[in-house]
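The structure appears below as structure tokens.
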Amino acid sequence: MNDLDHNSQKNHHEAVKNWWNSNHTKEKWHGETYKDTWETHLHYWIRQKKTLEFLDNLNLPKEAKILELGFGGAETAEEILKKGYTYYGIDISKHICDHAKEKCKDYVSKKKAFFLESSLEQKYDFEDNFFDLVIICGAIHYAG
């Protein structure tokens with residue numbers, strides 16, 4: 001990668017991180033956005049339904065570990081946890097991670113849920129084949 005590509009990548013990463021950590025975004029994503037009555041965001045619920053149906057069809061063992069990149073409001077995380085799986089979520093936003101930890105605090109305290117603040121583009125310290133499933137439902141377009 002040349003310097004121009006590296007700088008563009010770095011600038012993109014910082015712009016995405018700053019946007020997701022802004023007060024405007026915090027207010028939006030912890031307000032009406034994840035209410036199922038907000039008709040302009042019904043695609044969230046359709047994506048979640050398809051993801052959960054896919055998960056059910058895999059018939060993974062209950063001890064399976066699932067990683068979600070860009071977990072947003074943790075609505076899908078909560079549904080995955082209800083199914084008994086161990087959940088790991090990575091999101092670039094500190095306030096989204098804090099929100100998810102609070103929302104799923106019972107699972108966090110039981111070491112069934114882990115929410116990590118990081119970019120989906122970073123290298124992680126998990127060993128190879130650590131996860132049984134990796135999902136990304138609404139964040140790939142933020143990758144640079």
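So Ala139 ticks every box in (1) at positive phi; (2) at pLDDT below 95; (3) small (Gly, Ala, Ser) but one. Which box is left unticked?
(1)
Which of the residues spanning region 114-138 are in contact (Cβ under 8 Å) with a residue 60 or more places away in the chain and part of a loop (DSSP other than H, G, I, E, B)? Break it down stepwise before answering.
Just the residues of region 114-138 that are in contact (Cβ under 8 Å) with a residue 60 or more places away in the chain, to begin with: 119, 121, 130-138.
Residues satisfying the conditions are Ser119, Glu121, Phe130, Phe131, Asp132, Ile136, Cys137, Gly138.
Looking only at region 30-73, count how many residues are open to solvent by less than 20 Å² (accessible area, probe 1.4 Å), in a loop (DSSP other than H, G, I, E, B) and modelled with pLDDT of 95 or more.
Qualifying residue count for the region: 1.
Among the numbered criteria (1) in contact with a Leu (Cβ under 8 Å, 6 or more places away or on another chain); (2) among the hydrophobic types (A, V, I, L, M, F, W, C); (3) crowded, with 16+ Cβ neighbours inside 10 Å, which single criterion is violated by Cys137?
(1)
The values are calculated or read from the model by the stated rules, or taken from the named source; none is laboratory data. Values in this document were obtained by computation on a predicted structure and should not be read as measured data. Quick reminder, even Gly has a Cβ in these numbers, built from the backbone with ideal geometry, and neighbours come from all protein chains shown. With ligands, DNA and RNA removed, areas are computed over all heavy atoms of the protein, side chains included. Shrake-Rupley method; radii C 1.70, N 1.55, O 1.52, S 1.80 Å.
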